[in-house]
1. Residues of the range 91-124 being part of a helix (DSSP H, G or I) and closer than 18 Å to VAL196 by Cβ, which ones?
2. For the range 20-41, how many residues meet the condition of being open to solvent by less than 60 Å² (accessible area, probe 1.4 Å), in a loop (DSSP other than H, G, I, E, B) and either aliphatic (A, V, I, L, M) or more than 12 Å from THR52 (Cβ to Cβ) (or both)?
3. Out of (1) at pLDDT below 85; (2) part of a loop (DSSP other than H, G, I, E, B); (3) closer than 15 Å to GLY103 by Cβ, the odd one out for PRO88 is which?
4. In the range 120-131, is there at least one residue being open to solvent by less than 30 Å² (accessible area, probe 1.4 Å), without any contact (Cβ under 8 Å) to a residue 12 or more places away in the chain and under 21 Å from PRO46 (Cβ atoms)?
5. Quick one: in the range 42-79, of everything that is among the charged types (D, E, K, R) and at pLDDT 50 or above, which residue is nearest to the chain's Cα centre (by Cα)?
Amino acid sequence: MARPPTAAQRRVIEDADPGTGRLRGTDAQLAALVRLGLAFRHPRPPHDHFLTPAGHRLREAGPEPAPAPAAEPAGVFAARVGGAEEIPPGPSRTREVRDAWQGLLELRRMTNPDGATDRPCGWERTHLVRAAALALEAAGHRPEHAGTPGYRVRATPQPEAVAVYGPALAEYAATLEAAGWQCGEYTEARTRARHVLASPRRV
């Protein structure tokens with residue numbers, strides 16, 4: 001999200017239906033929330049707008065959320081892809097990951113044509129690295145950090161595919177398959193590094 005929502009946009013978020021996350025507002029307000037990543041437009045008529053997982057978290061934070069670090073504006077959740085990232089310790093991160101995963105399952109239910117939650121949705125197909133990383137982190141796998149072994153999720157030249165590196169490839173593959181991804185284990189020709197190649201399952 002490039003900037004925090006305005007007061008008017010926050011009121012639209014706070015007035016969302018508590019069960020479904022359905023939004024009511026002007027066309028301009030709803031379009032702005034979509035641009036901010038806080039709402040999405042349902043692909044089927046009547047094309048209502050609903051909160052994304054980030055929108056739900058922002059609404060649940062209340063009208064006056066605590067200030068967030070500059071690197072992560074209020075309401076933004078970033079799955080840990082592995083590498084040199086700072087990883088907030090403690091139960092708050094565990095809750096954030098759990099809530100993000102539950103929000104993603106709800107997004108699948110709302111946006112997959114048949115309401116299925118056992119396979120990735122359109123958002124995941126356009127955010128492959130973050131989606132795969134969230135599935136891994138939500139299952140309890142640790143990302144690589146500051147010399148500590150763990151998973152690393154990286155983009156690949158192949159369409160709709162990510163590469164996952166780390167010390168527990170079979171476990172990563174099992175987790176992603178359970179989350180609706182297709183996986184195979186491969187060796188890179190140039191570096192000989194073993195990795196899991198994962199793609200969102202379509203059926």
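The values are calculated or read from the model by the stated rules, or taken from the named source; none is laboratory data. These numbers come from a predicted model, not from an experiment. Please note: Cβ atoms are built from the backbone with ideal geometry, for glycine as well, and neighbour counts cover all protein chains shown. Protein only, heavy atoms only, side chains kept; ligands, DNA and RNA dropped before computing areas. Shrake-Rupley method; radii C 1.70, N 1.55, O 1.52, S 1.80 Å.
1. Let us first name the residues in the range 91-124 that are part of a helix (DSSP H, G or I), namely 91-111, 122-124.
Correct list: GLU124 only.
2. Residues flagged as open to solvent by less than 60 Å² (accessible area, probe 1.4 Å), in a loop (DSSP other than H, G, I, E, B) and either aliphatic (A, V, I, L, M) or more than 12 Å from THR52 (Cβ to Cβ) (or both) within the range 20-41 amount to 5.
3. (3)
4. There is no residue in the range 120-131 that is open to solvent by less than 30 Å² (accessible area, probe 1.4 Å), without any contact (Cβ under 8 Å) to a residue 12 or more places away in the chain and under 21 Å from PRO46 (Cβ atoms).
5. ARG57
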